Structures are given as C-alpha cells and as structure tokens.
C-alpha cells in the first residue's frame, strides 16, 4: 500500500497530459487516500429531490465507510444524517428507499423524529438525557431539484454552483418530476477510470451505436472555452436559447470541478432514443422546443447528467473498492406523465441501458489492461480527451494540496 509520500511522488512524476500510473488506479492505499481526501471532503450528488417528495420519504447511500440517510421532514425540508443509531450503531434504514413517519431502529426500536431528535429509548434509566443522542447530521444542499451531501465538518463552498443548479437545471423543474426508472450496476474498475471514460467521446463511434444515433462524437460538440467560445453550431444554439430565456451557455468552476452547457443533439434529434424522437409526450419544466438539446452537467467526483426537453437522466457513481465502482442511473419524467400513455419505459431507457453496459465493458477491459505489469501510462489526445485532462488535473491537484506537508516553521 502506497503511503502519502509515495502517492505524491507518483503524481509529481506524471508527464503533463498523461494518464495515471498503475498504482494510482489499483493500489489499496491510494483508494483509502481517495476516500479520505476526495470522497469524504467534497460535495457528492446523492439523489434527485423528487425521489423523496413526501414527509417521511427517505433514501440511503453508502460513501466508503459512511452510510447516510436522506429524509424529507414534516416542514418539507430535506435533511441528511449518518445512518447509524446512537444506541449501538445499527443502521437505521437498511433499504435504498422507504417511508415512515419516524425513523425507528430495527434493533432496539430507538425512535427518532424526522429532524433527527431522539423521541423514544426504552428502559434507559432516570439519568438518561435523550437530547444528547440525536442523530448526527450530514451537510446537505438541495438546489435545482438535485440533492448533494458532504461528509466533511467544514464543506467546500456550494453557493455559486447551487445558484447555477437553480437557473440551469431549474429550467427542467426536476422538483416536479418523478423517477420513472432506476438502474444500478457494478463496474469492475477504479472510480477514476469510470469518470475518465465519461469525460470523452473518443471511444463513442466504436462502442456506442445506440447513443451515436442522437449524440455527436465530434469533439467540437463538447469542447468549449467560455460562454462565447465554441463551435458555430453551438453558438447558434446558444443564441436561440438566449432568445427564449433558456440558460444554455457554458459556465464552469475555474478548476473545472463542474460545468454546465446546453448543446444540440445530432441532426436536430429530440432525445436519447433509438428513433431520436421524444420519449415522453409531456415536456419537463419550461423547455420551449423538442429539439432544445441536452443540458450537460457534471460535478467531480460523483455525477454527470443530461437534462432533455422530455426527460432527464441523472447519474451517480461511488467507489466501493479499489477496483469496483457503483453506477446508479435514474430517468426522470414530469410527475404527471403516465406510463403507457405518455411514455414507454423500454423506449425511454434503452439507449442509456445499452450505453451504460457498453461503458462498463470498456472500463473493465481498461482496468484489466492497467493491472498488467506491462502497462505504461500513455498521453491523452488534446483534441479528443480534453475533458479527461481536466478531471485528472483536478484530481492530482486536490491530492497534492491535501497531502502536501505543511511548510516548515521559520527558525526563531
């Protein structure tokens, strides 16, 4: 297992715009460092808010060693807690989703209100003070219908990103949506490989026949340098969106941790379907046309998303071992859309069901090759893999900043 100094040495020795070393994709010590310095300290996408629309609805997820439960309170607020009973540590909510007026530990029935306060603990004696045993909170933000959590005591800033969630994603009004379908797969690959594969379409033409019916693998359709710097096709699309009051232009975090941009689909396609036509007859939000393209949003380390006029597809990935990653995909439609009338689940989901499985195979073969003693990191394409460069540079800088020793104090 690599220690901090060895990890820093391998990052420092990486040639510019090259892939990471074998150990940075495979080593258990690197995996633990990734959890502690990235996943336990950054904002992580958890669920779409519409997944828990009513009082008592809750959802769970696991980030490394931390089980978390997210719950909608009687006041309508979304809160998150460590999914650990304050009695003897049992997980309160073992299932992915549920609904209950209170959170009741299945072990000894300690009972908590939806705001985390301990309401009932049987036979604990006269000196027991329930106010000292509330559930431990987890930082949570719900903006633009997207719920993010952060395990850190002092989380990074969120307000700027949250504002763009409200304006860009808010145009699709996912708060008034519902989850039409959910899929979870396990990819036998390091989490960084999963993101790298997502951040380029260099591989799309050879691997994604369903997706390439509607999504261009031309890098000019995803490479943008600013709100006025993109291909002519994208600039024309942004002008059209501007005239309709639809947020579309490229906006990003300086270190590229997150990015928003609405881009047209291939040949005026309406949606990610085999026919390229809308999968849902009832549009989401206030999107004015069927061919408004996809609002693409990513946020390192955990999510990438497509918000289309007729539906949205939200993706969450979390690492579960050095070379295993859980990828969850949820398809959102207008809350009043009726299955079998307004949409067909198979037509809605087939393109990304296919694409996810194709990406799984690519990542797993990539991981198998990297495990070989013959593996030697190669260069990224500056034309095709700019998004991968952004991610790997972001990752390396975060690890360097957080593992770098503090400067020695000057002598008196």
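The values are calculated or read from the model by the stated rules, or taken from the named source; none is laboratory data. Keep in mind it's a predicted model, so treat the numbers as computed, not measured. Note: ideal-geometry Cβ built from the backbone for every residue, glycine included; neighbour counts use all protein chains shown.
Mind checking which residues of the stretch 242-297 are without any contact (Cβ under 8 Å) to a residue 60 or more places away in the chain, more than 23 Å from the chain's Cα centre (by Cα) and closer than 20 Å to residue 330 by Cβ?
Scanning the stretch 242-297 gives 278, 283.
Could you list, ordered by first residue, the pairs with Cβ atoms under 9 Å in which the first is in the stretch 34-62 and at pLDDT below 95 and the second is buried (at least 21 other Cβ atoms within 10 Å of the Cβ) and part of a strand (DSSP E or B), at least 6 apart or interchain?
none
Given the residues 217, 242, which is the only one that is surrounded by 18 or more Cβ atoms within 10 Å (Cβ to Cβ) and either over 30 Å from residue 39 (Cβ atoms) or assigned by TED's automatic domain parsing to the domain that holds residue 61 (or both)? Can you show your working first?
On the way: 242 fails: surrounded by 18 or more Cβ atoms within 10 Å (Cβ to Cβ).
Answer to the selection: 217.
Listed residues 130, 137; which is surrounded by fewer than 17 Cβ atoms within 10 Å (Cβ to Cβ), within 25 Å of residue 77 (Cβ to Cβ) and free of Cβ contacts under 8 Å to residues at least 40 places away in the same chain? Before you say what the answer is, go through the steps one by one.
Values: 137 fails: free of Cβ contacts under 8 Å to residues at least 40 places away in the same chain.
Just one listed residue meets the conditions, 130.
Need at least 1 residues that are outside the structural domain of residue 181 (by TED's automatic domain parsing) and more than 19 Å from the chain's Cα centre (by Cα) per element, so show me which strands (runs of 3 or more DSSP E) inside the stretch 2-77 make the cut, counting only ones lying wholly within it. It would help to see each step written out before you state the result.
Numbers: elements: 44-48, 57-63, 66-72.
Filter on the stretch 2-77 gives 57-63, 66-72.
Name the residues in the stretch 200-230 that are closer than 15 Å to residue 387 by Cα, in contact (Cβ under 8 Å) with a residue 60 or more places away in the chain and under 22 Å from the mean Cα position of the chain (by Cα), would you?
The answer is 200, 201, 202, 203, 222, 223.
Of these, 126, 101, which one is more than 20 Å from residue 54 (Cβ to Cβ) and either over 25 Å from the mean Cα position of the chain (by Cα) or at pLDDT 95 or above (or both)?
Of 126, 101, the one residue that is more than 20 Å from residue 54 (Cβ to Cβ) and either over 25 Å from the mean Cα position of the chain (by Cα) or at pLDDT 95 or above (or both) is 126.
Kindly check whether there is at least one residue in the stretch 150-171 that is at pLDDT 95 or above, surrounded by 14 or more Cβ atoms within 10 Å (Cβ to Cβ) and over 26 Å from residue 394 (Cβ atoms).
Yes: one or more hits.
One line per residue, one yes/no per condition, for (1) within 30 Å of residue 344 (Cα to Cα); (2) at pLDDT 95 or above:
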position	(1), (2)
182	yes, yes
191	no, yes
196	no, yes
214	yes, no
220	no, no
225	no, no
237	yes, yes
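Identify the residue in the stretch 99-110 that is in contact with a strand residue (DSSP E or B) (Cβ under 7 Å, 6 or more places away or on another chain) and surrounded by fewer than 17 Cβ atoms within 10 Å (Cβ to Cβ) and, among all such residues, is nearest to residue 130 (Cα to Cα).
Of the residues in the stretch 99-110, the ones in contact with a strand residue (DSSP E or B) (Cβ under 7 Å, 6 or more places away or on another chain) are 99, 102-104, 110.
Now restrict to residues that are surrounded by fewer than 17 Cβ atoms within 10 Å (Cβ to Cβ): 99, 102.
On the way: 99: 24, 102: 16 Å.
Selected residue: 102.
Would you pick out the residues in the stretch 245-290 that are part of a loop (DSSP other than H, G, I, E, B), surrounded by fewer than 19 Cβ atoms within 10 Å (Cβ to Cβ) and on the phi < 0 side of the Ramachandran plot?
253, 254, 255, 274, 275, 277, 281, 282, 286, 288, 289, 290
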